[in-house]
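J.: My questions all concern the structure below.
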C-alpha cells in the first residue's frame, strides 16, 4: 500500500491540454468537476494560445474555482515552435498531486466515480504504475468509428512487457498514474513526436498496469487542430515516414535506457508502428507480406474488410468513398 496519510495538497493533478477547443472545453472541465472523490484534486490546464474562445471559457472556470482550476495561458503557440510534449514542460513540473490523471481538452469523462475507483486501486497496489480503462469513441463529423478503445476484454493486470508491445492503444484520457513516474523524464520522451507512448514506456519501466474494463471517458475523433488531423494535411506520405523513423528511434533509446531488459518487445513494437504506417499510406504489397502476417491479424475486422475491398475492387471502393465523404 502506498503511504499517503501525510500527503499535503491534492491527491490528483488533472493535466489537460487545450487548443482551439471552444466547442468542447466545457465538457472536459465539467467532467473533472463532477468527480465524487474522498480527496482533493487540482486541474492543471494549459491553453496553447488558442485563437477562439477557449481561453475565455477557462477564465470563467478559473474565476469560479480558483483553488482548483490552475491554468497557463500561452501568448505564442508552443507546438508551432517545435515543442511537442507540452505536458512534460508546462503541466507535470507544477503537479502537486501524488497521482496524475490525463485528459485532453476535446475529450471528457463520463463516470463521476472514475478517479475514486482508480486512486483506490493505486493506493492499495504500490507497485502498480498505471491504472487505465476503456473509452467510447465519437466523431465530430458523425462518421463511423470502431466504437470503443477497448484493448482487453475484462479487467486485467497488464505486465510491463504487454504495455510496451501491445496490439491496441490505450486511451490517454483514461490514464491515472503515480506522479513519481514523470519526476525524472528520460530523453526518449522529449525526442518523441507524441507523448502518450513514451509515457507508457516510462510506466512499464517502473511497474505493471491495471486495466478496468469500463468505458469511463469519451475520446473525440477528427477534432480540427488535433495531431491526427495535422498528420493528414499536406504530404501525408512524408509525414508517416518521418513519424515511423522517429518512433523507431524512440524505441531504440528506450531499449538503451532500460539496459535491454525489454529488447524483443521494443523491437516488435517498432515493427508494428512501421506496419501501421504502411496501412495508413496504402502500401498494401507490404501489408500483405509474409513477415507482416502477425500484424495484419491484429487489425480489427472492419479495417481488414476495407483493405480487402479496396484491393479487390479499387474503382468501386473509390466511388463509394466519394459518395460517403462528398469529396471528389
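The values are calculated or read from the model by the stated rules, or taken from the named source; none is laboratory data. This structure is a prediction, so every number in the text was calculated from the model and none was measured. Glycine gets a Cβ as well: all are built from the backbone with ideal geometry, and neighbour counts include every protein chain shown.
J.: Among (1) touching a helix residue (DSSP H, G or I) at 6+ places or on another chain (Cβ under 6 Å); (2) in the same structural domain as residue 110 (by TED's automatic domain parsing), where does residue 197 come up short?
T.: The number of the failed condition is (1).
J.: Got a sec? Which of 272, 308, 302 is closer than 30 Å to residue 161 by Cβ, assigned to a helix (DSSP H, G or I) and at pLDDT 90 or above?
T.: Testing whether each residue is closer than 30 Å to residue 161 by Cβ, assigned to a helix (DSSP H, G or I) and at pLDDT 90 or above leaves just 272.
J.: Which one of these does residue 88 not meet: (1) touching a strand residue (DSSP E or B) at 6+ places or on another chain (Cβ under 9 Å); (2) touching a residue at least 12 places away in the same chain (Cβ under 8 Å); (3) surrounded by 15 or more Cβ atoms within 10 Å (Cβ to Cβ); (4) not in a loop (DSSP other than H, G, I, E, B)?
T.: With (1) touching a strand residue (DSSP E or B) at 6+ places or on another chain (Cβ under 9 Å); (2) touching a residue at least 12 places away in the same chain (Cβ under 8 Å); (3) surrounded by 15 or more Cβ atoms within 10 Å (Cβ to Cβ); (4) not in a loop (DSSP other than H, G, I, E, B) applied to residue 88, the lone miss is (1).
J.: Within the stretch 167-204, how many residues are surrounded by fewer than 19 Cβ atoms within 10 Å (Cβ to Cβ) and outside any helix (DSSP H, G or I)?
T.: 10
J.: Same structure, new question: Among 278, 265, which is the only one that is buried (at least 17 other Cβ atoms within 10 Å of the Cβ) and closer than 19 Å to residue 151 by Cα?
T.: When all the criteria are applied, what remains is 265.
J.: What residue, of 118, 137, is in the same structural domain as residue 189 (by TED's automatic domain parsing), closer than 26 Å to residue 58 by Cβ and part of a helix (DSSP H, G or I)?
T.: Just one listed residue meets the conditions, 118.
Let's see how each residue does on (1) part of a helix (DSSP H, G or I); (2) within 20 Å of the chain's Cα centre (by Cα); (3) surrounded by fewer than 24 Cβ atoms within 10 Å (Cβ to Cβ):
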{"position": "16", "(1), (2), (3)": "no, yes, no"}
{"position": "20", "(1), (2), (3)": "no, yes, yes"}
{"position": "31", "(1), (2), (3)": "yes, yes, yes"}
{"position": "35", "(1), (2), (3)": "no, no, yes"}
{"position": "45", "(1), (2), (3)": "no, yes, no"}
{"position": "50", "(1), (2), (3)": "no, no, yes"}
{"position": "56", "(1), (2), (3)": "yes, no, yes"}
{"position": "59", "(1), (2), (3)": "yes, no, yes"}
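J.: Count, please, the residues in the stretch 284-295 that happen to be under 26 Å from the mean Cα position of the chain (by Cα) and surrounded by 14 or more Cβ atoms within 10 Å (Cβ to Cβ).
T.: 3
J.: Shifting gears a bit: Of the conditions (1) in contact with a helix residue (DSSP H, G or I) (Cβ under 6 Å, 6 or more places away or on another chain); (2) within 28 Å of residue 83 (Cα to Cα), residue 174 clears all except one; give me its number.
T.: Just one mismatch for residue 174, condition (1).
J.: Among the numbered conditions (1) surrounded by 20 or more Cβ atoms within 10 Å (Cβ to Cβ); (2) in a loop (DSSP other than H, G, I, E, B), tell me where residue 76 comes up short.
T.: The number of the failed condition is (1).
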